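The values are calculated or read from the model by the stated rules, or taken from the named source; none is laboratory data. In this text the structure is predicted, and so the values were computed from the model without any measurement. Cβ placement follows ideal geometry from the backbone for every residue including glycine, while neighbour counts extend to all protein chains displayed.
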Amino acid sequence: MVYLRRSASFLFSVTIALTASWLAADVFLADGFDPVDVVRVLLLATTSGWIAWGASLAIQGVAGPAPGNPDRENKAPLKSEKIAILVPVYNEDPVAVLSRVMAMARSIDSLGEAARFEFVILSDTRNEEIATREVHRFLQMKQEGPGDVQFFYRRRDLNTGKKAGNIADFLRSSGGRYDFLIILDADSLMEGETMIEMTRRMEAEPKLGLLQTLPKIIHARSWFGRAIQFSSSFHSPYFASGLAAMQGSTGPFWGHNAIVRTQAFAECCGLPALEGKPPFGGHVLSHDYVEAAMLARRGWTVRVDPDLEGSYEEGPDNIIDFAKRDRRWCQGNLQHARLLSAPGLKAWSRFIFAQGIMAYLASPFWLLFLLASIVAPLMAPPPNYFPVPHMPAIFPTPETAQAVTLLVGIFGLLIGPKLLIALRAALSRETASFGGTAAVMISSAFEIVWSSILAPITLMFQSRSVLQVLRGADGGWPASNRDADAIGMREAWAASWWIMCTGLVLLFGSAQFEPNLFYWFLPITMPLIGAPAIINWSSTRESGKLAAESGVFLTPSELSPSPVIRDYEANRLRWQAAHAADTSDTATEPVAGAANAGPVAV
């Protein structure tokens, strides 16, 4: 069945690419043949096929069972003695991180399984002030947390290998103690029932090496953040369901909110540094995809279960922080080009690497297509009205119908899946938890318009990231700014003036060299020209408040927060107040380590 689904998606994508090529050739070659038109046809075929591939995931998800309805019939007691919950941190806000850990610990304790789970804070923090606060809040959490839950803290002297190296160090020193590892990010939050169910599923399938959940974004405060939050809660489960159906046992690993079998992970997932300097050499940045491929290479099942609810994370609240994070992902995905020929990998794992690379190459391909469309008239051959001697003149005819069909088809591939998801949810009454059908339809309409405005700006940031990586620039692994304030106009201008200039060049070029394209380019060029204002406004708390008060982008986690979310919020408010009252507290006492874990440094 998996191979049938893959074949259907490939056939759908190839059919769309060929159809786009045929329509584009009719339009672009109507005034004669030139090499630029051939380039345009190839670029359009590649990018439209890529869009069709993404649409096929949503279509398969919509056609399948409803996501988010787990089978809770199996309530078999857990057999594992110890499960570690790993929380890697790197210059994060200790109050926010440990408030989440406290909430998760209480959630597990309330279900009577506290003795099996141990929380391990793996700190790579380089800032000494933050590290001191980490230790202080950690000791406070140990004192206030459930007595049956074990908490451990370790800070590395050197953060070699970033997050992957952090977890590898823990495995070498302490992995033998645990049957399974639940790997989180600093902003991860999970219900105790979800972690128990993940463990139960791992125990039930001895060949299951990694089980990935679908994290939902929470606590967005701006228009930008709330739009992503809605999409992650409403659209993503259907895309993930299609992905799960297609990938089968060679599924994804997104680096967090997942559980791994310790023995399998330790035996398969050692990541040596690649030869050469970054960005293509050095430590593997997007290590999660590589680790999934290495598990599959040794015969372990890697699976995503979108039905597992109660898995959360927090996302960027503005376009600039999103672009910074995306820059790292871009470098990591392009780095996978060196791993496409790695020995022993499954063919599907190689395809996943290629798919990740294409996810970023698609943006510069689209940009090149736009530029080529402006340049094409300058390269076109002079019109020949008498191709056949002694015959009446033949005048080129505009291929308007083909052009409109092509544009409508591409736009339909972009928004069609979202409309199908909204229709499916409305018919099956899955919209109740999002505020009702009317609220969902309004939110979907706003999300489609907003994503259409945002797409050209994202295209520019991603195109620049690809160019930087190809030029040899290393973006590193910057710390996440999860509590960023609104982006001011000065900062927005500094980050996007070049995007605005590009929009002006495209608009001027289309007016000068290809007036027929001028109005078609407006939906692309106007967001580019307005990029500084869009970045500024969409990052403000006022924009997020406007969306909330208007009933736009409502999600279940906002309308009816789960117990672990409410507990986390209460913990964070209490500890923030305590920190404000006394910022001079320091922690100097050592933190005890786990059994056979070796020294745990503070």
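Among the residues of segment 97-111, the one identified as out of contact with any Asp or Glu (no Cβ under 9 Å at 6 or more places or on another chain) and over 18 Å from residue 257 (Cβ atoms) is 110. Residue-level check: of (1) touching a Ser or Thr at 6+ places or on another chain (Cβ under 7 Å); (2) farther than 25 Å from residue 194 by Cα, residue 80 misses just (2).
Go through segment 268-290 and give me each residue that's buried (at least 18 other Cβ atoms within 10 Å of the Cβ) and outside any loop (DSSP other than H, G, I, E, B). Correct list: 268, 287, 288, 289, 290.
Listed here are the residues, each with its yes/no results for (1) crowded, with 21+ Cβ neighbours inside 10 Å; (2) at pLDDT below 95; (3) in a loop (DSSP other than H, G, I, E, B).
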{"position": "187", "(1), (2), (3)": "yes, no, yes"}
{"position": "201", "(1), (2), (3)": "no, no, no"}
{"position": "206", "(1), (2), (3)": "no, no, yes"}
{"position": "244", "(1), (2), (3)": "yes, yes, no"}
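Looking across 142, 163, one residue alone is farther than 23 Å from residue 254 by Cβ, of a type outside the set (A, V, I, L, M), in the same structural domain as residue 288 (by TED's automatic domain parsing) and part of a helix (DSSP H, G or I). It is 142. Here residue 330 fulfils each of the conditions (1) within 23 Å of residue 363 (Cα to Cα); (2) surrounded by fewer than 22 Cβ atoms within 10 Å (Cβ to Cβ); (3) not charged (D, E, K, R) apart from (2). Within segment 419-439, being under 24 Å from the mean Cα position of the chain (by Cα) and either assigned by TED's automatic domain parsing to the domain that holds residue 236 or in a helix (DSSP H, G or I) (or both) holds for 419, 420, 421, 422, 424, 425, 433, 434.
Can we say residue 121 is touching a Leu at 6+ places or on another chain (Cβ under 7 Å) and either aromatic (Phe, Trp, Tyr) or surrounded by 20 or more Cβ atoms within 10 Å (Cβ to Cβ) (or both)? No; evaluated as a whole, the condition is false for this residue.
I'd like to check something: does segment 9-30 contain any residue that is modelled with pLDDT of 95 or more, buried (at least 19 other Cβ atoms within 10 Å of the Cβ) and farther than 22 Å from residue 420 by Cα? Looking for residues that are modelled with pLDDT of 95 or more, buried (at least 19 other Cβ atoms within 10 Å of the Cβ) and farther than 22 Å from residue 420 by Cα, one finds none in segment 9-30, hence no.
Scan segment 462-489 for residues that are of a type in the set (A, V, I, L, M), within 18 Å of the chain's Cα centre (by Cα) and at pLDDT below 70 and jot them down. Give the derivation first.
Of segment 462-489, the ones of a type in the set (A, V, I, L, M) are 466-467, 469-470, 473, 479, 484, 486-487, 489.
Among the residues that remain, those that are also within 18 Å of the chain's Cα centre (by Cα) are: 466, 479.
The answer is 479, and nothing else.
Given the structure, is residue 253 crowded, with 23+ Cβ neighbours inside 10 Å, in contact (Cβ under 8 Å) with a residue 24 or more places away in the chain and part of a loop (DSSP other than H, G, I, E, B)?
So residue 253 fits the description; yes.
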